[in-house]
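Undergrad: Supplied in C-alpha cells, the structure appears directly below.
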Amino acid sequence: MPKTSQELSAPNSFLTLEHTGAQVRLDHFLHQQFPEISIQKWKQAIGTFMVLIDGRPGRKGSIISNSARVSLPAWLPASLAPGPPRADPSIKPVIIFEDDELLVIDKPAGIHTHPLNGNEIGTLANGLIAHFPTLNGVGFSPLQPGLLNRLDRDTSGLVLVAKIKKSWEKYRQLFAEKQLTKIYLGIVHGIVAAPLTIDAPL
C-alpha cells in the first residue's frame with residue numbers, strides 16, 4: 001500500500017530505490033532520481049551517512065552495482081530540493097505573446113535566464129515568479145519556473161515559458177522531436193564578401 005504524505009514525513013520513514021543497470025556513482029544515481037537536487041548537495045547528504053546501500057552507509061565516491069538497494073530518509077529529498085526563485089519585481093518580463101498555455105518573453109542581454117540558487121535575484125526567472133506566481137512548480141526545476149529554453153547571459157532573444165505543467169510537457173516533447181527549432185542571429189565585424197554557411201557547434 002502506498003505511504004501517505006504524513007507517513008513519508010515521519011522521522012523514521014525510509015524511501016528505498018533499486019538500481020538497475022551498469023555501475024554508477026551513488027551521488028550521480030541520486031541526481032538521476034531527483035534531478036532538481038544537485039550532485040554537490042547529494043555529496044553533502046551522503047557525507048552525513050544518512051544514505052544506505054544495501055543497509056550499509058554510503059560514502060562519497062561510492063559505486064553502486066546492478067540490483068543495489070539505496071535507502072534514505074523519506075524527508076531528505078524535500079529538504080535538499082531548492083525552492084522557487086525569490087520574486088524580483090524590478091525584473092519586468094517583456095511579453096511578445098501570451099495565451100492560456102504559453103508566454104513568449106523577450107530576454108535582454110546582460111541578465112541570466114535563471115538563478116543557480118534560491119538566494120540569487122536579478123534573473124529573468126526572478127521576474128517571472130514576481131509577475132506570474134502560478135509558474136511555481138511548473139517545469140524541470142523549481143529554479144526554472146516554466147522555462148522551456150534558456151539563453152546565455154550575454155544573449156538576447158525569445159524565451160518560451162509554459163504556464164501550466166501539461167503545456168510544459170507538450171512543448172518539451174516537441175523540442176525533443178525537433179518539431180521546434182531555434183535560430184540564432186550573430187553580429188559580425190567587417191564585410192562578408194560572399195554568402196557562406198558556418199556549420200559548427202555553438
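Undergrad: How far, in degrees from 0 to 90, does helix 165-176 lean away from the longest principal axis of the Cα atoms of the chain, to the nearest 10?
TA: Roughly 70 degrees between the two axes.
Undergrad: Once every Cα of the range 77-143 carries one equal point scatterer and solvent is ignored, give the base-10 log of I(q)/I(0) from the Debye formula at q = 0.12, 0.14, 0.18 Å⁻¹, two decimals.
TA: The calculated log intensity ratios at q = 0.12, 0.14, 0.18 Å⁻¹ are -0.30, -0.40, -0.65.
Undergrad: Can you tell which of Gln40, Gln23, Gln179 shows the greatest fluctuation in a Gaussian network model of the chain with Cα springs below 10 Å?
TA: Evaluated over the chain, the most mobile residue of the options is Gln179.
Undergrad: Please list, or write none, the lysines whose alpha carbon is within less than 22 Å of the alpha carbon of Lys43, excluding same-chain residues fewer than 8 places away.
TA: Lys60
Undergrad: Which cross-chain or sequence-distant (5 or more) residues have an amide H under 5 Å from the amide H of Val24, H modelled 1.01 Å from N in plane?
TA: Result for Val24 returns Ile64.
Undergrad: Shifting gears a bit: To make sure I understand the rule: partners must be aspartates and glutamates, Cα under 19 Å from the Cα of Lys92, and not fewer than 8 residues away in the same chain. Which ones qualify?
TA: Partners within reach: Asp106, Glu120, Asp152, Asp154.
Undergrad: Under 21 Å from the Cα of Lys166, which lysines turn up, not counting those fewer than eight places away in the same chain?
TA: Filter leaves Lys178.
Undergrad: Assuming a viscosity of 1.002 mPa s and a temperature of 20 °C, what translational diffusion coefficient in µm² per second does Stokes-Einstein assign to the chain, Rh being the Kirkwood radius over Cα pairs? Show your work: numbers first, answer last.
TA: Details: Rh = 19.7 Å.
In µm²/s, the coefficient is 109.
Undergrad: For a quick check: with amide H placed at 1.01 Å from N, whose amide H comes under 5 Å from Gly157's, ignoring anything fewer than 5 positions away on the same chain?
TA: Lys107
Undergrad: To continue, here is another question. With +1 assigned to the C-beta of every Lys and Arg and -1 to the C-beta of every Asp and Glu, and no other charges, what is the dipole magnitude of the range 8-80 about the Cα centre in debye, to the nearest 20?
TA: On the way: 7 positive and 4 negative charges, 50 e Å.
Rounded to the nearest 20 debye, it is 240 debye.
Undergrad: Also, quick follow-up: I need the calculated FRET efficiency for the pair Asp54 and Thr181, taking r as the beta carbon distance and R₀ as 41 Å, to the nearest 0.05.
TA: Values: r = 46 Å, r/R0 = 1.12.
About 0.35, to the nearest 0.05.
Undergrad: Could you give the size of the charge dipole of the chain about its Cα centre, using +1 on the Cβ of each K and R and -1 on the Cβ of each D and E, expressed in debye and rounded to the nearest 20? Write down the numbers at each step before the final one.
TA: Numbers: 20 positive and 17 negative charges, 115 e Å.
Magnitude of the dipole: close to 560 debye.
Every number in this text was worked out from the coordinates using simple rules, so none of it is lab data. What you see is a predicted model, and the numbers here were worked out from it, not measured in a lab. Methodologically, a virtual Cβ is constructed for each residue, glycine included, from the backbone with ideal geometry; neighbour enumeration extends over all protein chains shown.
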